[in-house]
Amino acid sequence: MQPWKKKFITIWSGQLFSILSSTIAQFAIILWISLETGSAEVLAFATIAGMVPQIILGAFAGVFVDRWNRKWTMILADSFVALCSAVIAWLFYLDVVELWHIYLLLMLRSVGGAFHTPAMKASIPLLAPESELTRIAGINQSIQAVCTICGPVMGAALIVSTNMSVIMLLDVAGAIIACTALLFVVIPNPPKKEAASASHVLKEMREGFTAIRLNRGLTVVMLLEVLVTFFIMPIVALYPLLTLQHFNGTAYQVSIIELLFGFGMLAGGILLGIWNPKLRKVILINISYMMLGLTVLITGLLPASAFIPFAIITVIQGISIPFYSGSLTSLLQTQIEVSMLGRVFSLFDSISLLPSVLGLLATGFIADSIGISNVFVVCGIALLLVAIIAPMIPSAMNLERRR
């Protein structure tokens with residue numbers, strides 16, 4: 001077996017436990033909020049709380065990711081998330097937890113993610129050949145899908161059979177396993193920069209912006225992704241309430257929908273990993289936009305009695321995610337110099353999430369005013385428009401051809 005494959009097997013084994021425990025904790029938290037409040041506005045605020053730190057830190061976190069040892073950046077970020085989960089577990093154990101505690105937990109966990117996510121994505125091209133990046137993205141999506149399948153089921157079972165403090169401690173255990181696995185992997189780092197200072201940090205932030213701006217096609221692709229994220233995030237926040245309120249579902253049916261979405265992601269990730277399609281990544285991304293737009297629109301038009309069609313459509317949505325997310329990640333990894341990937345991924349995450357906050361701020365009010373299903377109709381139409389407009393932009397469609 002090639003050495004780079006052995007490294008990825010070690011990393012994936014640790015990440016599987018970490019992502020699974022985090023998925024269980026995340027689902028349990030969302031379900032707890034849904035059952036406690038039943039408010040779309042509260043769910044939207046919880047989602048925003050998990051986004052704001054990445055938006056704020058994303059502008060400069062990537063600078064330090066590119067400077068620091070990437071392996072230890074991931075280990076320390078995971079350890080910080082574990083500490084936050086341990087604190088909230090203690091609050092649940094004392095039965096003194098309040099909504100603001102949950103918001104604070106989600107914000108602090110996001111701080112860890114602001115460093116861990118770009119460090120992980122920026123490390124992949126240092127470990128694997130370029131021809132394998134799309135395949136690796138598919139496998140990463142498959143791992144995420146397995147956790148999406150198992151997480152809600154386990155989360156729903158645990159929230160009934162035990163308490164939130166135990167669930168949050170599982171998240172701590174998952175982070176410890178992931179950190180331990182990383183200790184056994186050697187991850188090379190790009191050449192070191194000069195000692196960090198305020199002026200140098202700002203200079204390197206500008207370098208990240210410039211790397212994106214000078215690639216016109218990539219800039220267009222990223223701007224379209226910002227639009228897509230703007231309309232997807234309200235959907236993500238409202239899915240539990242759509243099941244509970246529009247389809248008159250139960251906590252069990254919420255977990256079923258999450259389970260089916262995970263099965264779709266798993267199927268899509270496996271297909272992407274095995275197939276490793278030779279189609280240009282921008283084409284795969286546009287096809288995914290079209291699938292997402294259609295399925296979200298149809299979901300919003302379904303009557304309350306159509307839970308089974310809703311479940312089937314959820315699987316299709318899950319299948320489209322790896323082709324969209326995996327292709328976009330590998331596109332950035334092949335278009336940007338590896339020494340700048342930390343900055344670019346961090347900036348990209350920050351820029352794409354910022355407009356979403358505005359959408360989420362209005363989500364609760366709009367959903368409570370016009371109905372959750374109508375929010376899905378509006379967002380579905382918007383995603384379809386993006387899918388129609390994208391192929392008409394030559395700089396984006398010719399991006400990989402020029403390279």
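Return yes when residue 237 is in contact with a helix residue (DSSP H, G or I) (Cβ under 9 Å, 6 or more places away or on another chain) and within 17 Å of residue 380 (Cα to Cα) and no when it is not.
Working: in contact with a helix residue (DSSP H, G or I) (Cβ under 9 Å, 6 or more places away or on another chain): yes; within 17 Å of residue 380 (Cα to Cα): yes.
In short, yes.
Take the residues of the range 42-59 that are modelled with pLDDT under 70 and farther than 13 Å from residue 236 by Cα: which is surrounded by the fewest Cβ atoms within 10 Å (Cβ to Cβ)?
59
On the given criteria, is residue 294 under 30 Å from residue 132 (Cα atoms) and open to solvent by 10 Å² or more (accessible area, probe 1.4 Å)? Steps first, answer last, please.
Working: under 30 Å from residue 132 (Cα atoms): no; open to solvent by 10 Å² or more (accessible area, probe 1.4 Å): yes.
It is false that residue 294 is under 30 Å from residue 132 (Cα atoms) and open to solvent by 10 Å² or more (accessible area, probe 1.4 Å).
Taking only pairs six or more apart or across chains, which ones have beta-carbon atoms under 6 Å, a first residue in the range 97-123 that is within 22 Å of residue 28 (Cα to Cα), and a second residue that is in a helix (DSSP H, G or I) and open to solvent by 50 Å² or more (accessible area, probe 1.4 Å)?
Note: pairs meeting the criteria are 112/80.
Tell me which of these residue 313 doesn't satisfy, since it passes every other one: (1) crowded, with 18+ Cβ neighbours inside 10 Å; (2) of a type in the set (A, V, I, L, M, F, W, C); (3) modelled with pLDDT under 90; (4) over 16 Å from residue 137 (Cβ atoms).
(3) is the only condition that residue 313 fails.
Give me the helices (runs of 4 or more DSSP H) completely within the range 62-178, filtered to those with at least 3 residues that are over 14 Å from residue 18 (Cα atoms) and modelled with pLDDT of 80 or more, ordered by residue number.
Numbers: elements: 70-94, 99-127, 133-161.
So the answer is 70-94, 99-127.
Of all residues being open to solvent by less than 30 Å² (accessible area, probe 1.4 Å) and hydrophobic (A, V, I, L, M, F, W, C) in the range 239-250, which is nearest to residue 374 (Cα to Cα)? Just the residue, please.
242
Would you mind stating whether residue 66 is of a type in the set (Asp, Glu) and either more than 19 Å from the chain's Cα centre (by Cα) or open to solvent by 40 Å² or more (accessible area, probe 1.4 Å) (or both)? Give the steps one after another, and end with the answer.
Values: of a type in the set (Asp, Glu): yes; either more than 19 Å from the chain's Cα centre (by Cα) or open to solvent by 40 Å² or more (accessible area, probe 1.4 Å) (or both): yes.
Taking the combined requirement at face value, the residue satisfies it.
The values are calculated or read from the model by the stated rules, or taken from the named source; none is laboratory data. Note that the structure is a prediction, hence the values are computed from the model and not measured. Virtual Cβ from ideal backbone geometry, glycine too; neighbours counted across all protein chains shown. Ligands, DNA and RNA are excluded from the accessible area calculation, which covers all protein heavy atoms including side chains. Shrake-Rupley method; radii C 1.70, N 1.55, O 1.52, S 1.80 Å.
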